1. In this structure, does ALA328 turn out to be touching a Ser or Thr at 6+ places or on another chain (Cβ under 9 Å) and on the phi < 0 side of the Ramachandran plot?
2. If you scan the stretch 306-350, which residues turn out to be part of a helix (DSSP H, G or I) and basic (Lys, Arg)?
3. Could you list, in sequence order, all residues of the stretch 92-132 that are crowded, with 22+ Cβ neighbours inside 10 Å, part of a helix (DSSP H, G or I) and not small (Gly, Ala, Ser)?
4. Look through ILE327, ILE250 and report the one residue that is at pLDDT 85 or above and assigned by TED's automatic domain parsing to the domain that holds ARG342.
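The values are calculated or read from the model by the stated rules, or taken from the named source; none is laboratory data. None of the values given here were measured: they were computed from a predicted structure. Using ideal geometry, Cβ is built from the backbone for each residue, glycine included, and neighbour counts are taken over all protein chains shown.
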Amino acid sequence: MLPGPTLPAPDCPPRILIADDEPSVLEAYRQILTNDQRSVNPADSRLNELESRIFSPQTSKEAPLAFDLCLCRQGPEAVAAVRQAVEDNAPFSVAFLDVRMPPGPDGVWAATQVRELDPWVNIVMVTAYSDLAPDEIGRQVRPPERLLYMQKPFHTHEIQQFARALSAKWGAEKTLHAANQHLDHLVQERTRELTLAIEALELSNQQYRQTAQRLQEAEVALAAKAEDLLGTNQALQQMVKKNEEDRKEIEEKVLFAIHEMVEPYLDRLEKTPLADAQESFVKIVRANLQEIAAPFLKELGHKYFRLSPTEINIANLIRQGVSTKDIAEQLKMTKRTVDFHRDRIREKIGIKNTKSNLRAVLQDLEDEFGDR
């Protein structure tokens with residue numbers, strides 16, 4: 001890729017370099033490229049007269065030429081001029097180089113040196129001889145799109161057209177290169193912005209992945225804790241259930257001990273002759289027993305004291321309206337056994353030979369106990 005051309009200021013006319021060892025030829029270049037018609041050769045004069053007869057003054061009159069010329073007589077002088085032009089940021093658009101410029105180096109040498117200094121200048125090789133083939137010149141002076149040939153003797157319009165066309169081409173290349181540079185700059189900026197956006201997106205994705213991983217790990221930890229808590233809860237429920245069973249068992253044993261092992265002896269003791277103090281002690285003992293049993297009989301009536309633990313349980317279910325069949329299923333006993341206990345309960349609460357409803361009587365006893 002060629003380096004960027006050194007460009008002159010926009011309002012400067014195109015600069016043209018001319019190198020020829022003959023002063024008369026340099027003067028001809030000057031007159032042709034500045035519209036100075038002094039000392040024009042007769043043939044050109046006759047041609048101008050013919051143009052004026054064929055074309056109208058408006059159409060035959062060309063636009064004034066505006067070129068900044070640099071005239072050199074030797075190849076080294078032309079090379080030095082190009083070097084200085086590049087350093088001054090005032091490059092040449094076109095260089096007309098004569099192939100033979102004795103006694104110094106020829107124009108091909110000068111063209112190769114000029115090309116190294118300024119890759120963008122258009123070089124026109126001018127020669128009156130055919131001893132050096134254009135292909136040979138093209139192999140030494142590249143690129144081919146910026147190298148042209150012109151044979152002497154040349155015509156005025158040839159020089160002017162070369163100067164105009166090549167300067168316009170040079171300016172268009174200059175503008176295109178500037179546009180490409182601007183486009184490259186925009187592409188680089190957009191690429192940089194896109195790269196930053198991609199990096200930011202990748203960072204965000206990385207943070208998202210890390211957060212998702214942490215959340216997943218937290219979920220696993222929470223699931224493990226939940227499983228542990230579930231196990232602990234089940235164990236606690238089993239413990240509570242066991243404690244409840246143990247409590248009920250203890251209550252039943254306490255009630256049984258009071259009703260079957262203590263109260264019968266108190267009843268017998270009360271039927272024996274007792275002193276007043278002894279009767280008082282018996283009453284105190286019975287009251288204390290009732291106080292002890294009260295927490296275990298939250299849902300039982302006062303007259304339940306003589307019921308066995310199984311009978312107390314069955315009485316509770318009857319009071320709640322549970323049928324005999326359901327009681328048998330819940331307590332895992334036969335219906336005949338439940339009926340037996342029902343008869344025992346009726347007997348102990350004093351309604352065995354009556355038509356009283358057992359459930360209603362049990363509820364009344366509970367209400368009586370609750371009112372106390």
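1. Yes: the conditions hold for ALA328.
2. ARG306, ARG319, LYS325, LYS335, ARG336, ARG342, ARG344, ARG346, LYS348, listed by residue number.
3. Matches in the stretch 92-132: VAL114 only.
4. Details: ILE250 fails: at pLDDT 85 or above.
The match here is ILE327.
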